[in-house]
Amino acid sequence: MIESELFGYAEGAFTGAKKGGNPGKFELADGGTLFLDEISEMPLEFQAILLLVLQERSITRIGGKKLIPIDVKMDYG
């Protein structure tokens, strides 16, 4: 669930997905700052995904194929 909130999802990614998909917090924060709290409490697999996002500066929506470039400063608590 947290992944769809942060990365968004493509149309048809899962049952109940909105037509046209939905942008995630990273897309919505493009050009701004995204504050993430308690990253150390997240599963290690998800921490690795966040690190990759920081390195690559792009995301892929859940169920999507297109890389979406992002320009987001992340602040951690």
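The values are calculated or read from the model by the stated rules, or taken from the named source; none is laboratory data. Just so it is clear, the model here is predicted, and its values are computed rather than measured. Note that we place each Cβ from the backbone using ideal geometry, even for glycine, and neighbour counts take in every protein chain shown.
Some points to look at:
- In segment 30-41, of all residues being at pLDDT 90 or above and part of a loop (DSSP other than H, G, I, E, B), the one that is surrounded by the most Cβ atoms within 10 Å (Cβ to Cβ) corresponds to D30.
- Any chance R57 is among the basic types (K, R) and under 16 Å from I2 (Cα atoms): no
- A single entry from E27, E56, E11 fulfils the requirement of being within 10 Å of the chain's Cα centre (by Cα) and either surrounded by 13 or more Cβ atoms within 10 Å (Cβ to Cβ) or within 19 Å of I68 (Cα to Cα) (or both): E27.
- Scan of segment 33-52 for residues that are in contact with a strand residue (DSSP E or B) (Cβ under 7 Å, 6 or more places away or on another chain) and within 16 Å of I70 (Cβ to Cβ), ordered by number: T33, L34, F35, L36
- Among (1) more than 13 Å from the chain's Cα centre (by Cα); (2) modelled with pLDDT under 90; (3) exposed (fewer than 12 other Cβ atoms within 10 Å of the Cβ) - the single one M1 does not satisfy: (1)
- Scanning segment 29-77 for residues that are among the aromatic types (F, W, Y) and either free of Cβ contacts under 8 Å to residues at least 12 places away in the same chain or over 26 Å from A17 (Cα atoms) (or both) returns a single hit, Y76.
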